[in-house]
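To keep things clear, I will list the structure first and then write my remarks on it.
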Amino acid sequence: MRTSGYFTLMSIEAERLFFEARMKADEGDAGIAASLLHDLIARYPDFGKAHALLGIIYLISFEDHAQAEAYFKQAMILTPAYSFTYLHYAELLFSQERYTEQVAVLNKGLETPGMDKDKVYHLLGLMYERQKQFDDAFENFQKALLYSVDDDDIAKYQKAIERCLLKRKM
């Protein structure tokens, strides 16, 4: 029983620290957020969401793709149910044109409860579009549109479909 209570208190403390770091990241204080996350990982090395957020920070703010990838991989091992990891790691792989790996990561993501499937299909559509496989891109953009419940995303997916149709005619 004592161990169970410890893990509960540990989880609450880790979540509190993670929330604080996330707020700093959202405010644009990537350096402070990263520092808080490094401290969090030092205290709770198995807290996968901290690794995922560090991956995002290293990808977007620090533009250190190798470090971002290492954090994403660790996050997927430690917290496989944290869906944001898959999306951001797939974006990194897309930017590096590592499409086979991107598809594998997105397929894992689709198996994750709570995953924003529209975003997965959008990333797949972009990948196929970049490879000039317009039929596959079109199909994935359609799936993204069907899964979306956000008006802004729906408009983005509609534009992607139109763009893909135009390119397919060329």
Filter pass, A144 being part of a helix (DSSP H, G or I) and more than 23 Å from I56 (Cα to Cα): no
Residue in region 45-63 that is within 22 Å of E27 (Cα to Cα) and of a type in the set (K, R) present: yes
Conditions (1) closer than 29 Å to A75 by Cα; (2) surrounded by 18 or more Cβ atoms within 10 Å (Cβ to Cβ); number of the one not met by F138: (1)
Complete set of residues in region 141-170 that are open to solvent by less than 100 Å² (accessible area, probe 1.4 Å), more than 19 Å from L87 (Cα to Cα) and hydrophobic (A, V, I, L, M, F, W, C): A155, I161, C164, L165
Set E20, E13: member being charged (D, E, K, R), modelled with pLDDT of 95 or more and more than 18 Å from L87 (Cα to Cα): E20
Residue in region 97-109 that is within 18 Å of A33 (Cβ to Cβ) and in contact with a Leu (Cβ under 6 Å, 6 or more places away or on another chain) present: no
Sole exception among (1) open to solvent by less than 30 Å² (accessible area, probe 1.4 Å); (2) more than 30 Å from P45 (Cβ to Cβ) for A68, by number: (2)
Contacts under 9 angstrom Cβ, first residue in region 146-159 being more than 12 Å from D116 (Cβ to Cβ) and of a type in the set (A, V, I, L, M, F, W, C), partner in a loop (DSSP other than H, G, I, E, B) and open to solvent by less than 50 Å² (accessible area, probe 1.4 Å), 6 or more apart: I154/S148
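The values are calculated or read from the model by the stated rules, or taken from the named source; none is laboratory data. Everything quoted here is computed from the prediction, not taken from an experiment. All Cβ positions, even for glycine, are placed from backbone atoms using ideal geometry, and neighbour counts span all protein chains on display. Each accessible area value is taken on the protein alone, full model and side chains, heavy atoms only, with ligands, DNA and RNA left out. Shrake-Rupley method; radii C 1.70, N 1.55, O 1.52, S 1.80 Å.
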